[in-house]
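Mind looking over this structure? Questions follow.
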Amino acid sequence: MGRLRRSRAHHARRDVHRAARTRARTRDLDQIQLIDLDPKVCVHRAALEAQPIDYDLPGLAQHYCVECAKYYETDNALKSHWKSKVHKRRLKELKEPAYTIEESERAAGLGRENKRATAASSSTPSAAVDAIMS
Ligand SMILES: [Zn+2]
């Protein structure tokens, strides 16, 4: 057995060891996208940006980046973070649609599309043909 792949294992991720630690685990991309950045519920975002003072969190939880789910010590640190590569990359990642339960069910053939097709075929054959054609 040869050497297992060690190089190029992480693209532009500065501290992989810290990210892998469970105690440093932050919110996942889909949690941020579907809960924190939900356009229908803008309360979440406002609540996250104006959190009550928490002495256990960095900067008393007053400087929080919603997209990255990270606390910063000072306002300047947060502002320079918004200009940083890490944050811009995160914004790009968040623009892509999150992996949802519906998608996994569709992949397994349990999705809504499947259900609709069977319901249509049981009612009228012409409706089923229309469903297939469209
Ligand atoms: Zn950020």
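The values are calculated or read from the model by the stated rules, or taken from the named source; none is laboratory data. As the structure is a prediction and not an experimental result, all values here were calculated from the model. FYI the Cβ positions are ideal-geometry reconstructions off the backbone, even for glycines, and counts take in every protein chain you see.
Kindly evaluate residue 47 against the criterion of being surrounded by 12 or more Cβ atoms within 10 Å (Cβ to Cβ), touching a residue at least 12 places away in the same chain (Cβ under 8 Å) and hydrophobic (A, V, I, L, M, F, W, C).
Working: surrounded by 12 or more Cβ atoms within 10 Å (Cβ to Cβ): yes; touching a residue at least 12 places away in the same chain (Cβ under 8 Å): no; hydrophobic (A, V, I, L, M, F, W, C): yes.
Against the criterion (surrounded by 12 or more Cβ atoms within 10 Å (Cβ to Cβ), touching a residue at least 12 places away in the same chain (Cβ under 8 Å) and hydrophobic (A, V, I, L, M, F, W, C)), residue 47 does not qualify.
Inside the range 77-108, can you point out the residues that are more than 14 Å from the ligand (Cβ to nearest atom) and not charged (D, E, K, R)?
97, 98, 99, 100, 101, 104, 107, 108
Output yes when any residue across the range 40-50 is assigned by TED's automatic domain parsing to the domain that holds residue 95 and touching a Phe, Trp or Tyr at 6+ places or on another chain (Cβ under 7 Å), and no when none is.
Yes, because at least one residue in the range 40-50 is assigned by TED's automatic domain parsing to the domain that holds residue 95 and touching a Phe, Trp or Tyr at 6+ places or on another chain (Cβ under 7 Å).
Taking the range 9-35 on its own, how many of its residues are in a loop (DSSP other than H, G, I, E, B) and modelled with pLDDT under 75?
Residues that pass the stated criteria total 8.
Also: Having 3 or more residues that are under 18 Å from the mean Cα position of the chain (by Cα) is the bar; report the helices (runs of 4 or more DSSP H) wholly within the range 36-116 that clear it. Break it down into steps so the answer makes sense when it comes.
Values: elements: 43-49, 75-82, 85-95, 101-107.
By residue number, 43-49, 85-95, 101-107.
Moving on. Assess whether residue 57 counts as being without any contact (Cβ under 8 Å) to a residue 60 or more places away in the chain, within 14 Å of the ligand (Cβ to nearest atom) and hydrophobic (A, V, I, L, M, F, W, C).
no
Another question, if that's okay. Does any residue of the range 9-25 turn out to be of a type in the set (Lys, Arg) and surrounded by 15 or more Cβ atoms within 10 Å (Cβ to Cβ)? Please lay out each step first, then the result.
Going through the range 9-25, the residues of a type in the set (Lys, Arg) turn out to be 13-14, 18, 21, 23, 25.
With surrounded by 15 or more Cβ atoms within 10 Å (Cβ to Cβ) added as a condition, the list becomes none.
Looking for residues that are of a type in the set (Lys, Arg) and surrounded by 15 or more Cβ atoms within 10 Å (Cβ to Cβ), one finds none in the range 9-25, hence no.
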